[in-house]
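J.: What follows is a single structure, and I will ask about it in a moment.
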Amino acid sequence: MKNNVLFETKFKKIIDAFWLREDILETIPNCECEYLDNNFRLLSVSSETLFSENELKPVFELYETEFSILERNSSRMRSEHITSR
């Protein structure tokens, strides 16, 4: 079973969207990470390896990115707003 998380993101600089994606790919082994929209607001992360948002929080904090979890494992909707500074 794949572990899927859908994030809503808000970047200070749009270039950070690229670097955030690259860092997530390095952080979680064998994961798929892609933006689902052209505005780089919806980020989908999925992997066969179990992971939690706590593993990704330092990556989001590195880019001072605000994010919230919209969906986890495609079964529950959850709104959890986190601001990284």
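The values are calculated or read from the model by the stated rules, or taken from the named source; none is laboratory data. Fair warning: this is a prediction, and the values are worked out from it, not measured in the lab.
J.: Among the residues of the range 25-50, count how many are outside any loop (DSSP other than H, G, I, E, B) and of a type in the set (D, E, K, R).
T.: Qualifying residue count, the range 25-50: 3.
J.: Look at Phe60 and say whether it is assigned to a strand (DSSP E or B) and either of a type outside the set (Asp, Glu) or modelled with pLDDT of 95 or more (or both).
T.: no
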